[in-house]
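Input: a single structure, listed below in structure tokens.
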Amino acid sequence: MDIKITKTAHPKEKPDQKALGFGKYMSDHMFLMDYTEGIGWHDARIVPYAPIPMDPGAVALHYAQETFEGLKAYRTAEGKIQLFRPEMNARRMINSNRRLCMPPFPEDMFIEAVKAIVTVDADWVPSAPGASLYIRPFMFTTECQLSLHNSKEFLFCIICSPSGAYYEEGINPVKILVEDEYVRAVKGGTGFAKCGGNYAGAMIGQEKAEAMGYSQVLWLDGQERKYVEEVGGMNIMFKINGEIWTAPCEGTVLPGVTRDSMITILKEWGYNVREERLSIDDLMAYCEKGQVEEIFGTGTAAVISPVGVLNYRGNVQTINNNEIGELSLKLYTYLTDLQWGRIPDTHGWIVPVC
Ligand code: COI
């Protein structure tokens, strides 16, 4: 791919690495590439970070034809920069795009584009403990058209945001509200795709949870509101009687990169991982019997997010004394050690950048 690079004449001041938060600051540059039907992908470029001019009639603004991804660049103790399983993000975006009738962005081009923008903005990859450069590839229709037809013009972009921990409170247990009114996904819908529309539709649950003093929502299946599926921005796992349960990826759950990595690691550590449907009633009954040892969310942004409190219809259960569980901490330590290059990569998951 021939990438035209135009560097900014006005580099921004870098934020304090100890107060980055998540997704608040943007780096100096962005990657852009256009798609036109009949031509394909063209004009790969890295340009100074700036607003993108949009036609007010662009399909993305009206009919949400948009997909996105999330991955991170990590700075090792030696000062090198590396990615974690970027091919998984590339493949997931292809699947998301297929569902939203958008052209695939080829895997090799995806990885090349990510490496290129991270290399140009290498000095934006933080070195503070736990901080990384969050990379947000996204794609949308630029075409002006109000009738409901598929589009012929798209833009693929990558922006980067130096970020600290996803939760300001750190890796402390979070309080989760089980949502039984609204639903996030149904079979045949877009639940498995990483598209903005899924998150827009889920916002109301998040707002409701926050108003009640909870930090995330646990979504139940859209058909029966019976089986646990995923948390706001993450997949979720339950350690019950020594076994690990997590919802199967059967069309309604996002196939998370961290989820997949955790399952692989847990199996290697000898755990029985049950990718099976678990009903909320069974989960609450296990909680009441003290058999739920740990609950944790898994995602790129938050890595691991232990759950300390679960509320379903006013039945409030405290998990593991509202403390981070032994397994959650072991998984968090193992995965972050791998991502930051502190232990050998025996899985072939690390992709060096520069
Ligand atoms: C990620 O973990 O990368 C995500 O995309 C979650 C996002 C909704 C914050």
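The values are calculated or read from the model by the stated rules, or taken from the named source; none is laboratory data. Not measured: the values here are computed from a predicted model. No Cβ is skipped: glycine too gets one built from the backbone with ideal geometry, and neighbour counts run over all protein chains shown.
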- Note on the structure: Out of (1) within 16 Å of the ligand (Cβ to nearest atom); (2) among the aliphatic types (A, V, I, L, M); (3) within 18 Å of Gly242 (Cα to Cα), the one Ile304 does not meet is (3)
- Query: Looking only at the stretch 212-229, which residues are surrounded by 15 or more Cβ atoms within 10 Å (Cβ to Cβ) and without any contact (Cβ under 8 Å) to a residue 60 or more places away in the chain?
  - Reply: Ser215, Val217, Trp219, Asp221, Gly222, Arg225, Tyr227, Val228, Glu229
- Scan the stretch 58-92 for residues that are of a type in the set (A, V, I, L, M, F, W, C), away from the ligand (no atom under 12 Å from the Cβ) and within 19 Å of Trp349 (Cα to Cα) and report the count. 5
- Message: From the list Asp43, Asp55, exactly one residue is of a type in the set (D, E, K, R), touching a residue at least 24 places away in the same chain (Cβ under 8 Å), more than 16 Å from the ligand (Cβ to nearest atom) and at positive phi. Which is it?
- Response: Asp43
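Going by what's in this entry, would Leu254 be described as within 16 Å of the ligand (Cβ to nearest atom), within 23 Å of the chain's Cα centre (by Cα), surrounded by 21 or more Cβ atoms within 10 Å (Cβ to Cβ) and not aromatic (Phe, Trp, Tyr)?
So Leu254 fits the description; yes.
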- Members of the stretch 116-141 found to be over 22 Å from Met102 (Cβ atoms), hydrophobic (A, V, I, L, M, F, W, C) and either assigned to a loop (DSSP other than H, G, I, E, B) or within 16 Å of the ligand (Cβ to nearest atom) (or both), listed by number: Val118, Val125, Ala128, Ala131, Leu133
- Within the stretch 301-335, of all residues that are at pLDDT 95 or above, among the hydroxyl-bearing types (Ser, Thr, Tyr) and within 24 Å of the chain's Cα centre (by Cα), the one surrounded by the fewest Cβ atoms within 10 Å (Cβ to Cβ) is Tyr334
- From Lys187, Lys239, Lys226, Lys208, grab the single residue that is out of contact with any strand residue (DSSP E or B) (no Cβ under 8 Å at 6 or more places or on another chain) and either hydrophobic (A, V, I, L, M, F, W, C) or more than 13 Å from the ligand (Cβ to nearest atom) (or both). Lys187
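Residue-wise test of (1) surrounded by fewer than 18 Cβ atoms within 10 Å (Cβ to Cβ); (2) at pLDDT 95 or above; (3) part of a helix (DSSP H, G or I).
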| position | (1), (2), (3) |
| --- | --- |
| Lys18 | yes, no, yes |
| Ala44 | no, yes, no |
| Ala50 | yes, yes, no |
| His62 | yes, yes, yes |
| Gly79 | yes, yes, no |
| Cys101 | yes, yes, no |
- Item | Flag for Glu169 being acidic (Asp, Glu) and either modelled with pLDDT under 95 or within 16 Å of the ligand (Cβ to nearest atom) (or both) | yes
- Query: Among strands (runs of 3 or more DSSP E) lying entirely in the stretch 192-292, which contain 2 or more residues that are under 23 Å from Pro86 (Cα atoms)?
  - Reply: 228-231, 234-240
- Query: Here is a list of conditions, (1) touching a Cys at 6+ places or on another chain (Cβ under 8 Å); (2) buried (at least 16 other Cβ atoms within 10 Å of the Cβ), and Glu275 meets all of them except one; can you say which number that is?
  - Reply: (2)
- Test each condition in (1) away from the ligand (no atom under 16 Å from the Cβ); (2) surrounded by 16 or more Cβ atoms within 10 Å (Cβ to Cβ); (3) touching a residue at least 60 places away in the same chain (Cβ under 8 Å) for Ile158 and report the one that comes out false. (1)
